[in-house]
Amino acid sequence: MSILTKLRCITVDVTGTLMAYKGELGDYYCMAAKSVGLPCPDYKRVHDGFKIAYTEMVKKHPCFGHAEKIPNIVWWKTCVRDSFVKAGYDFDEETFEKIFRRIYSTFGSSAPYTVFPDSQPFLRWLRSQGVTVGIVSNAEYRYRDVILPALGLNEGSEWDFGVFSGLEGVEKPDPRIYKIALERAGNMAPHEALHIGDSMRKDYAPAKSIGMHALLLDRFKTPDAEDWKKSGATVLPDLVAAREWLTSDRLSD
């Protein structure tokens, strides 16, 4: 009997698993600045500023401000403004508004993302095998409503349900997000479900902690992958390998 016959539900992470960012953050911040006639900001300063600003926002207002009912656009406006300020750019309100609108609309579209070529075939194959497929992502509502559909990953053809932190008020690595996924799948038992992601901390460990099976993808040959393997995790290079593993006869994680 193959591994797949023992599973009724498979949940999948999004960024790094199904898709990746195209280019660098600086590319999009540069285009936004150019659109209002300004020179490109320094890539490294913007990148470092964004990392600090985003980390602070996630800590102060987790799940994109879900608990405080902060509108998504307001959460991101604060984050982008702080990114520029920390990078040493302090625009007047009118200029910043124009730059921000460009950035917000760009990241709410399919433009900055690329889907891995094995993602859509893998998800469709799972559903053709009678498996319930769920998306579990630390993402805001635009991933569900706009971005994933624009990338050809649609509810009803590639996935059956989604659990997005900005809509649920719970985010990885909190194991509760996986419990929500099991409920959404029809109160599935943990041992009947597998989660696929690219982070030991956010994907593998919390899913395993509630009794789910899990495996990790190492698409970018991260140095951490060797440690993942040593800890006993199943680590595969892509979803083609995941399909082969699922049709083998041993659930070895």
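The values are calculated or read from the model by the stated rules, or taken from the named source; none is laboratory data. The model shown is predicted, which means the values in this text are computed figures rather than measured ones. FYI the Cβ positions are ideal-geometry reconstructions off the backbone, even for glycines, and counts take in every protein chain you see. Side chains included, ligands, DNA and RNA excluded: accessible areas come from the protein's heavy atoms. Shrake-Rupley method; radii C 1.70, N 1.55, O 1.52, S 1.80 Å.
Elements of the type strands (runs of 3 or more DSSP E) sitting completely within the stretch 140-253 and holding at least 1 residues that are open to solvent by 30 Å² or more (accessible area, probe 1.4 Å) and at pLDDT 95 or above: these cover 213-217.
Between Ser165, Ser157, Ser137, the distinction of being more than 29 Å from Val74 (Cα to Cα) and among the polar types (S, T, N, Q) belongs to Ser157 only.
One residue stands out among those in the stretch 180-208 that are over 20 Å from the mean Cα position of the chain (by Cα) and not charged (D, E, K, R): the one that is nearest to Ser2 (Cα to Cα), which is His191.
Against the condition without any contact (Cβ under 8 Å) to a residue 24 or more places away in the chain and touching a helix residue (DSSP H, G or I) at 6+ places or on another chain (Cβ under 8 Å), how does Pro175 come out, does it pass? Judged against the criteria, Pro175 is not a match.
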